[in-house]
Each structure stands twice: as structure tokens, then as C-alpha cells.
1. Multiply the residue gap between Ser148 and Arg196 by 0.36 nm, knock off their C-alpha separation, and tell me the result in nm, one decimal place.
2. About its Cα centre, what dipole magnitude does the chain give when the only charges are +1 on Lys and Arg Cβ and -1 on Asp and Glu Cβ, stated in debye to the nearest 20?
3. Exactly which GluC sites (Glu not before Pro) in the range 346-448 are in a DSSP loop and have at most 14 other Cβ atoms within 10 Å?
4. Give me the distance between the Cα centres of the range 61-81 and the range 140-159, rounded to whole Å.
5. How far is the Cα center of the range 444-505 from the Cα center of the range 202-269, in Å?
6. Which one of Tyr222, Gly324, Gly38 has its Cα pushed farthest toward the positive end of the charge dipole of the chain, where Lys and Arg give +1 and Asp and Glu give -1 at the Cβ?
7. Please work out how much length the chain gains when fully extended from Thr85 to Phe68, using 0.36 nm per residue of separation minus the C-alpha to C-alpha distance, in nm with one decimal.
8. What list of ³J(HN,Hα) values in whole Hz, one per residue of the range 55-67 in order, does the Karplus curve 6.51 cos²θ - 1.76 cosθ + 1.60 (θ = phi - 60°) give from phi, with Gly and Pro shown as x?
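What follows is calculated from the coordinates using simple rules that are stated; it is not laboratory data. Not measured: the values here are computed from a predicted model. Heads up, the Cβs are rebuilt from the backbone with ideal geometry, glycines too, and the neighbour counts pull from every protein chain shown.
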Amino acid sequence: MSHMKLLMLTVLVLLLGNVLSAQNEFVIKIHETDDPDGLNPLTFSAANAENIVDNIYCRLLETNRKTFDLEPALAVERPVITELTSGKYKGGMSLTYEIHPKATWDNGTPVTANDYVFTIKAIKHQKTHAQSLRATVEFIDDIVVDESNPKKFTIYSKQPYFMAEAASGNLVHVLPEYIYDPSGALRNVPFATLKRIREYTTEMNTFSDRFNSEEYASDPKYVVGCGPYQLEEWDKGGSITLKKKSDWWGDQVSDNIHLRAYPDKIIYKIISGSTWVLSKMSMGELDIVRNVAPDKFLSAKNSGEYDHMIDFYNPTQFAYHYLGFNTRNPKLSDKRVREAIACMVNRDEIIETVFNGEAVKLNTPISPDKSYYNQSIKGIEYNAKRAKELLNKAGWKDTDGDDIVDKKINGKVVNMRLKYNYNKGNAARKKIGLLLKDELEKIGIRLDLYPIDFSDLLAVANKRTFEIIALAWVNAPGLDDLKKVWHTSAILEGGSNRVGFGSSKTDKIIDEIRVTLDEKKRKELYLAIQREIVAEHPYVFLVVPNEFIMIRKGLKYPELGPIRPGYVTRLFQRE
């Protein structure tokens, strides 16, 4: 055989091998309606970002999706928690963790306590866009690395914190210091210094600018964790592709379900809306579709046409829909106006027409399934007469006969015309807006619907340039730390108190909840803060919906549950 023929044969064999290898790849394709707002695990806001990030990065602890107990993941065991009766932190507490001995980064170096210390410092740095996590780790006053074991460390707090284990182990993904801070800008900076912006050096400011940059949120070179997958490609508006690491350390740990990962690739396909998802599932282009519009879900399920191809699930979830008011906007600063609008929200109709009966009313920011949900708060029911009375008392009247109420604000007559922001492709939020628009016209308020991309919606929320915004919160199954969303310290730009709620009184209650370990006393505080929040009407609390999920047959996976998104993508296997 000639050299040329041999070469051609070799090429053909290689090509055939690549084709067969590609055909044998186990790829999971998931529908997403929007791009996430970034994949930096400390700076994203979108819930769909967390679903993706969870495959790239690791937490010290994960939640058992059946019992809701915390279990070790990156950590060897749950932490040793000690109440301190002497020393510098007397009256406080400590938590001692050890990172798994096999845990390594992509460059082969071990994941160490210094990486965790760096992660917490990056959150505490006042100029990083990690505002949503800052309250979570506020209780951490210092972290001491074990001199004899670089994977072991102890967290110290000057006072007890009721969510210390969850906050330190489950709510934070660990980042590689060598990727995010290659110059070691934060390495020798004390925790106390990070609270005082005036002391920040040029090097620390350079660090925060780089950390907040787009490349650290979307570039595969910088979106790097110790989880089973690496970001291979992000085609904005098209797809996000994650590739399983060939030598991931977790594959060597067979006795921990939180360290298992089966798909060779996970592809998130960005398709606005859900009009074409059934046909795409039929063609094998999608394997998992979540957030399905209830009417489309129930129609497909009840038709029986797709039974051979799709499994249908509608688990409950720890999440709720709400309408948020910008309470700092002059048109909405009077709580009587906010209550009037709430009186025109027909939640019974929303449950039936938007969610096809697959939802329950929510009256406070606490899940109804939790023991400290304030059941005495009944919520506002539809009442047009009361809405008109409230507007009148707040000074809003139709003085010019144009069927829109108006009021003089700062010497200028202002019509009550409001913007309703929601994300494109979200059928439920659009329907809620249309229903509210029709109802508000009856009391002289005009509502204009403004659909925008989800990333833009979050930017509008964070910058507080909205008037009324349709969003949802995803809750954890454990205790609720309300500081992140309802404390005045979270009103700063980028914080999660987007509506501007709060006072010294409510701040005091929230702060007291965080240090109260007695369950009975803590419940009374929870009940009190719910009353304070609802009385000011910063939100219209809407519903807790069921999640609507369709999964292509031929896959094996654990039972679905209420923790979003309802499943763990990396645990899917071929049947």
C-alpha cells in the first residue's frame, strides 16, 4: 500500500472514530427562555444562572432534595460548630470545615482553605457586585487556616448566627483564587479592612473592576470552578454549552451523590417562549423543558398525544411570584396608592386563568409550608370600591375629565400612568399584566406593559428605574434570612431590596432574627416582621405556583422535588 493511501486510510479511521465518539456522547439539552445575567457565582442575580453555575462550581455543602438536610459536598463532613465561652470571640461561635482531600482545580492544584478565604473576601469587598451575598456572610469576622492542614479552616463570629452553617457552606460557591485574583490583591487584606472603602488601595480597586467585568462572567477562560463541567461556549441568544471534564476529581468519590455527574455535555438552548418546544422535543432537539406555560402543559398532558415521548411533572416549589412597587417613585410613595393597586389584583382569577388552578395564594414573603408563616395575615382581596376610596384619600382624582386620575406633585399635575416591566417570553407575567391593566382602568389608572430581555429586566430592577415590576423569588428550604431583601442596607444599588422598603424598626427586627437561636422567640420575630412588611404594601404577593416540567422519555433520573429547578441536571442518565 502506498504512503498516500495509508495516510488517507488513517485519516478516514480517525474521522470515523470521531463521528462514532460524537454519536456515543451523552448530551442533555435544556430549554431556557433567556440568557442568564452572567456566570460569575458571586455576582449573578438570575435563578437560571444558578442552575448553570451549580454544574461548574462546588459548594461545601449541598441540600438533600428529599429531607432538606445539609450534607457534605466539597467538604468532607458538615462543620463542627462550637459556642465560644472564652477568648477573643467569647459569646460568639466557630465552624470548622475540611475540604475534600481529592478536590482539585482544573490546573491540577488542590482546592484549599485559602480559596474559601478568598471567596468570602471577594464577597465582603464593598466594590464587587456581590451585594446579594454580602449580608449572607456578614457574620464571618475571621477565618483561620489550620497550620498543619491547608484544606482545614475555622470560621469565627463575634455573635451567634442562626443560619451560620447554611450561609457558610450552602449559599456560597467556592472560587479559585489563582483565576480570580492572580496577583493576590486580597491575600493579606484583613476582613475588617474590607468594610471600610476609604482604605481601599489602587490594587484592590483594580481587583474589583476586573472581578466585576464581563469576561469573569462569560469567558470560558475565567468562568472556572472545581465542579464537574467547564464552560465550553456561550453563544448569546443561542446556547450555553458545558463539557464534562475528563479527569474531574469527583469521579474518584463514589459514595457521595452530590459528586456524581453523568452527561458528557449539557447544552442550554435559549428559545424565547415555549411555542415550539413540543415540536423540538419531538425532533430530539430538547430533553428538558421547565417553566412551561400551565395551559400548554396541561393541554399537552391531557391530550395523550405525547405520552409515548414525554414525562410530565408539576411539583410544588419554594418560590413565589410578586409585583414590586418602586416606593421611592413619587407616584407610588404613598402606601395608600400601593394598597389601591393591590385591591385591583384578582388573585383568584390569576390562579385560574394564568396558572390553571395549579397555584396557591401567598400573603407574605415566607413560604406557607414553613412553621413561622404568619397565617393571621389574610392578604388583600379584590375590592374596586376600596381602591377608589384609597386613591381619593391619597389625593388622586380625575380633575380634567380624561378618565385618568391625577395629582399635583412638586407643583406639576401628574397623571397616574404607570409602567409594568416584565421579561419577554414569560407568558404568565404578560397575562398578569394584561389582567391588571384592564382592572386598573376601572379606577382611573393607566398601565403600560413593557416587555424586555430578562438581563435588562434585572438591570432595571437593580438600578430601580421601574415603577411596577413582575418578578419572582426562589426560596431555600431552610430558614429565611430577610436581611438580603428587606433590610435598608440592601437598598444600595445592586442590593436586593429593590423596592426601597424599610425603617429602623424593621431593620432591628431583622437583625434580631439573625442572632436569635431560640426557635420560639425567633418565630415571634418572624411573625412581627411579616406584619410590618405587609402593612407597607411594597409588594403585591401573588402566588406560589407549581413548577411545570416536561422531560423526554428514555432518561433515568432521581425523583423531582420542590427545590428549583426541580431536578439535578448532572444526575440524568440514559436508561
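1. So the chain would gain 14.1 nm between Ser148 and Arg196.
2. For the chain, the charge dipole is close to 1280 debye.
3. Hits after loop and neighbour filter: Glu381.
4. First find each Cα centre; the distance between them is then 19 Å.
5. Result: 28 Å between the Cα centres.
6. Most positive-ward Cα: Gly324.
7. Additional length available on full extension: 3.1 nm.
8. 8, 9, 10, 10, 9, 5, 10, 10, 9, 5, 7, 9, 8
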